[in-house]
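Structure first, then comments.
The values are calculated or read from the model by the stated rules, or taken from the named source; none is laboratory data. The structure displayed is predicted, hence computed values, not measured ones. Here the Cβ positions follow ideal geometry from the backbone for every residue, glycine too, while neighbour counts run over all protein chains shown. Side chains included, ligands, DNA and RNA excluded: accessible areas come from the protein's heavy atoms. Shrake-Rupley method; radii C 1.70, N 1.55, O 1.52, S 1.80 Å.
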Amino acid sequence: MPRFPYWRLSSFYFFYFAFVGAFSPYWSLYLKSLDFSASEIGVLMSLLMVTRIFAPTLWGWMADSGGKRVGIVRIAAALSLASYFGVFLGKSFWWMFGVMALLSFFWSASLPLVEATTLSHLGDSTARYGRVRLWGSIGFILAVICIGYILDVAEVRVLLWLVLGTLAGILIFSSYIPEAETAIDHTDKLPVSKTLKRPEVAALFVACFLMVAAHGPFYTFYSLYLVAHGYSKGAIGWLWAVGVICEIAVFIGMPRIMHRFSLPQILGMSFLLAVIRFLLIGWLVDSLGVIVFAQILHAATFGAYHAAAIAAIHHFFRGRHQAKGQALYTSLTFGAGGTFGALISGYLWDFLGASLTFSMASLFALLGFCLINWKFRVET
């Protein structure tokens, strides 16, 4: 058996999520500096998710058909970097809309293909996925903390160059990822729609859609929300980091967690804690202790949730359908769910205020919890 390419995959995850750490918490601050309204910021920030509705599925089908997942990752990384240079050339809403749409289309291609490649390299040891993925969390932490302090003393425009560096890192390290051999499975000749029609798979996708939608206000407005309540950008960086540090701890402990609890149990608890988390953020933002505790819950609402969801997708989608399964997961949850969450939070933020918008997020998580407990099962 070939040696597992731990550091090659880990390096890619590091820069991929360093980009997320630079972009998700702070890009809305840059857009705000261009005098865009809350609804316009919501639209622009949703583009990273809108393109994930269809782009990953398109790239995933291409990868499974041609058998060259990593080759497509490298092309997409180069095109996303090229697209990003447009942010230096214009500042109007529609110009930024076009640039961010192109960037999102190519950037969103990489992760589901790398996820499928990582799981193929792991074989039956999928519980070890978290130990690779944790380097993405480390990249996120370093980016979010360092950039928070940088923006406390520098103009927000410096963010453009910092994001550029992360995209360059994605391109460089994608060239070191080796292709993985795709295992032959008895489901290879069956249409992927047959798997999608299974009640437990449909329940999983809908619940994951709701979980990502619940995070819409958080990923779109959390930094602006904290700034409005008197938190410094350095403190905001640390608050983001607290959540991801706890996420890393969960990734490290995931083999033990999966050994002790079933996937439905892990997912159910993650959804329930998301209900609590968003209510705390929405109504007790002025209490630093409560906000720190809410960030600790990120270990469950993203870390445990994501590792369990990825494992479930890998369980249901086998052989030549692996990339399609991961792409569908990205498209239908992070794509459609993220878009819905970002857009609705952008409009509700102006009309209902932050507290009720985060309460809506809690309701989405509660609906997902009910669905997981009602229909989701994994045969062993």
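Within the full protein context, the accessible area of Ser108 is estimated at about 0 Å² for a probe radius of 1.4 Å.
The alpha-carbon of Lys233 sits under 29 angstrom from the alpha-carbons of these lysines, leaving out residues fewer than 8 places away in its chain: Lys32, Lys91. The residue list Val50, Gly282, Leu34 was ranked by how far each Cα lies along the charge dipole of the chain toward its positive end, using unit charges on Cβ atoms, and Val50 comes out on top. Solvent-accessible surface of the chain, averaged per residue with a 1.4 angstrom probe and all protein chains in place: 40 square angstrom.
The calculated 222 nm mean residue ellipticity attributable to helices in the chain amounts to -25500 deg cm²/dmol, summing -39500 (n - 2.57) over DSSP H runs of n ≥ 4 and dividing by all residues.
Distance between the pseudo-spin-label points of Tyr176 and Val290 (7 Å out from Cα toward the beta carbon): 4.5 nm.
For the chain, a simple Cβ point-charge model (Lys and Arg +1, Asp and Glu -1, everything else neutral) yields a dipole of about 820 debye relative to the Cα centre.
In the stretch 250-380, the portion of solvent-accessible area held by carbon and sulfur atoms comes to 70 percent [1.4 Å probe, whole percent, DNA, RNA and ligands not counted].
Long hydrophobic helices in the chain: the complete DSSP H runs spanning 27 Å or more by Cα along their own axis with mean Kyte-Doolittle hydropathy of at least 0.5 are 38-66, 129-153, 233-260, 263-283, 354-375. Bridging of Lys375 to lysines at a Cα separation below 29 Å is possible for Lys189, Lys194, Lys197, Lys324, once same-chain residues fewer than 8 apart are set aside.
For the pair Val158 and Phe88, the difference between a 0.36 nm per residue extended length and the Cα-Cα distance amounts to 24.1 nm. All C-alpha to C-alpha distances of the chain, sorted into 10 Å bins beginning at zero, yield P(r) values of 5, 25, 37, 25, 8, 1 percent in whole numbers. Restricting the stretch 1-107 to trypsin sites (Lys or Arg not before Pro) that sit in a DSSP loop and have at most 12 other Cβ atoms within 10 Å of their own Cβ leaves Arg3. Take the alpha-carbon centre of the stretch 1-59, take the same for the stretch 188-221, and report the distance between them in whole Å. Spelled out, the Cα-based centre of one part sits 19 Å from the other.
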